[in-house]
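The values are calculated or read from the model by the stated rules, or taken from the named source; none is laboratory data. Given the structure is predicted, the values throughout are model-derived calculations rather than measurements. All Cβ positions, glycine included, derive from the backbone under ideal geometry; neighbour counts span all protein chains shown. Accessible surface areas use protein heavy atoms only, side chains included; no ligands, DNA or RNA. Shrake-Rupley method; radii C 1.70, N 1.55, O 1.52, S 1.80 Å.
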Amino acid sequence: MAHPLDSDQIVDIIIGEIRETVPELADRPIGRADSMADLGVDSIERSEIILATLEAVGLKIPMVQLHGPRNIGELADLIDAKKSG
Amino acid sequence: MPRKAADPIRFAGIGVASGLGHGRAAFREGLFAGRNVFSKLTREGREAPEGEEPFLGVEMPEPPQVLPPRIARTATLTGRVAASVLAEAWEDAGLDAIAPERIGLVVGGSNLAAREQALALAAYAERRAFVPPRHGHMFLDTDLCGLCTAAFPIRGFAMTVGGASASGAVAVVEARNAIRSGRVDACIALGAMQDLGAHDLQALRALGAMGSARFSEAPEKACRPMDADHDGFLYGEAAAALVLCRESVGLSKTYGTLLGAASIADGTRGPEPNHEGQVRAARMALAEAGLTAADIDTVNGHATGTPSGDDTELETYRALKLHHARINATKSILGHGLAAAGAIEAATVLIQMAEGRLHPTRNLETPLDPSFRWVGAAPVDHEIRHALKFSFGFSGVNTALVLGAPEASG
């Protein structure tokens, strides 16, 4: 069994998916405090990024359970909590 | 002389993509050279069943990227090719001169991205919970309307129309109707790339419509419309965009005029061609043009290379007494573009009109009916004044277009 991912590693996965989905953001510094909406990621792209992240971390939960986070760090923390919980 | 319409509808721009390459220059060069582009199909998702010969046909090079990368990565190959031919036609016609609200788009074709859908289905079969949300709008053919109207200022209307292998010609008819009704001043008829997957190819093979494996070691000989050795059509990736406009609208370029057009149903459910329906469509288009078959100097056939299709079409040529006209078969060079065929073949007629030449018909070694004036292995110089373009589709769709040279229209 691989070492479980922590919240910072989940942040890295989310940021990788953001850069993949929105090529314009390839060179922009992105961190925990950024929100996807503020980065200009549209709602379908946000869903795509979150789904790809869930698959990468091996978590199968309905998307509605991930409403609420205001930035990438909070989203990573929530996914981390769902994984552990 | 043709009846003079008050405000005739003409073709003001062309964009093409096929196995010959992207754009009119590559198309013109390959077309008149009769260059071979047939080979075994290798695009992912087109594999023949185990133990059977690979499918033969034509695949095009990667289209020039006209969409921004963020959009392009979410577009199907069909979508990227549509944007590319639209970009070429748009610039050719100078469509920026027309108000966006006065421009329409008719995309011809249905089930256009079947190959990519089949690949996605296989890729997510074991992990359906992670299906990308975008697939929820990408499976609709109208996704092409969205892509094209997001990338170009088309704000009159956009829609898709289906007519099986006649879809491209049906799009021309509907674009004409939209201009004539006053809904728009210019309208793009786009014959979209029909992206067949292995399942569709095998079904067409099973149906007996597609060429057999007889020529699998000589793909360049396999596509033989109107030749005694024909045994089915061969698939060819293609797409074309034609800009139609009102004569008075002020676009400077004129390839030719749409003098008459008809699209009718003959009451067939399946793939069988129908001679009466074909003749009726031709007579309707000719009547609208104020012409008779005697005025037609050039025929561009549907001519797929299926035995029953070619035989039925020859019966139609005989009934219309087209023995005086020059005839060629564009599918002998491009393969059968299905949804795209009618549009790219209409573009072929217009390009031949401008060049004063007819392209060769590949592999027409023993014409099924030698009493017609076929264009064989070499191109011929020929002034087109009035051309008849046929397109037929499964399920009883028969279309005929009568195209006039610019000077023949007025």
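Some notes on this structure:
- Any hit, segment B:216-230, residues being among the hydrophobic types (A, V, I, L, M, F, W, C), under 29 Å from B:Leu119 (Cβ atoms) and touching a Gly at 6+ places or on another chain (Cβ under 9 Å): yes
- For segment B:379-410, filtered to residues that are part of a loop (DSSP other than H, G, I, E, B) and polar (S, T, N, Q), the residue that is farthest from B:Leu334 (Cα to Cα) is B:Ser409.
- Filtered residues of segment B:1-46 (kept if open to solvent by 60 Å² or more (accessible area, probe 1.4 Å), at pLDDT 95 or above and charged (D, E, K, R)): B:Arg28, B:Glu29, B:Arg35, B:Lys40, B:Glu44
- Lone unmet requirement of (1) buried (at least 20 other Cβ atoms within 10 Å of the Cβ); (2) outside any loop (DSSP other than H, G, I, E, B); (3) of a type outside the set (Phe, Trp, Tyr) for B:Arg205: (1)
- From the list B:Gly146, B:Gly109, the one residue that fits, being within 14 Å of chain A (Cβ to nearest Cβ) and within 21 Å of B:Cys187 (Cα to Cα), is B:Gly146.
- Of the residues making up segment A:20-42, just one is within 20 Å of B:Val131 (Cα to Cα), facing chain B (nearest Cβ under 9 Å) and open to solvent by 30 Å² or more (accessible area, probe 1.4 Å), namely A:Glu20.
- Residue in segment B:153-172 that is under 15 Å from B:Leu86 (Cα atoms), more than 21 Å from the chain's Cα centre (by Cα), crowded, with 16+ Cβ neighbours inside 10 Å and of a type outside the set (S, T, N, Q) present: yes
- Considering residues of segment B:354-377 that are aliphatic (A, V, I, L, M) and closer than 24 Å to B:Arg318 by Cα only, the residue most open to solvent (accessible area, probe 1.4 Å): B:Ala377
- Residue within segment B:74-91 that is open to solvent by 70 Å² or more (accessible area, probe 1.4 Å), aliphatic (A, V, I, L, M), out of contact with any helix residue (DSSP H, G or I) (no Cβ under 6 Å at 6 or more places or on another chain) and outside any loop (DSSP other than H, G, I, E, B) present: no
- Segment A:43-53, subset crowded, with 16+ Cβ neighbours inside 10 Å and free of Cβ contacts under 8 Å to residues at least 24 places away in the same chain, residue nearest to B:Phe130 (Cα to Cα): A:Leu51
- Odd one out for B:Ala123 among (1) within 14 Å of chain A (Cβ to nearest Cβ); (2) part of a loop (DSSP other than H, G, I, E, B): (2)
- Taking first residues from segment B:131-142 that are within 9 Å of chain A (Cβ to nearest Cβ) and in contact (Cβ under 8 Å) with a residue 40 or more places away in the chain and partners that are in a helix (DSSP H, G or I) and not hydrophobic (A, V, I, L, M, F, W, C), the Cβ contacts under 9 Å between residues at least 6 apart in sequence or on separate chains come to B:Arg134/A:Glu45; B:Arg134/A:Ser47; B:Arg134/A:Glu48.
- Residue match in segment B:263-280 (condition: basic (Lys, Arg) and more than 30 Å from B:Ile103 (Cα to Cα)): yes
- Inclusion of B:Val172 among residues that are under 28 Å from B:Leu204 (Cβ atoms) and either outside any strand (DSSP E or B) or basic (Lys, Arg) (or both) is warranted.
- Hits in segment B:331-357 (condition: among the hydrophobic types (A, V, I, L, M, F, W, C) and within 18 Å of B:Asp227 (Cα to Cα)): B:Ile333, B:Leu334
- Some residue of segment B:234-250 being of a type outside the set (Gly, Ala, Ser), assigned to a strand (DSSP E or B) and open to solvent by 10 Å² or more (accessible area, probe 1.4 Å): yes
- For B:Gly376: the one exception among (1) out of contact with any helix residue (DSSP H, G or I) (no Cβ under 9 Å at 6 or more places or on another chain); (2) in a loop (DSSP other than H, G, I, E, B); (3) over 19 Å from B:Arg28 (Cα atoms): (3)
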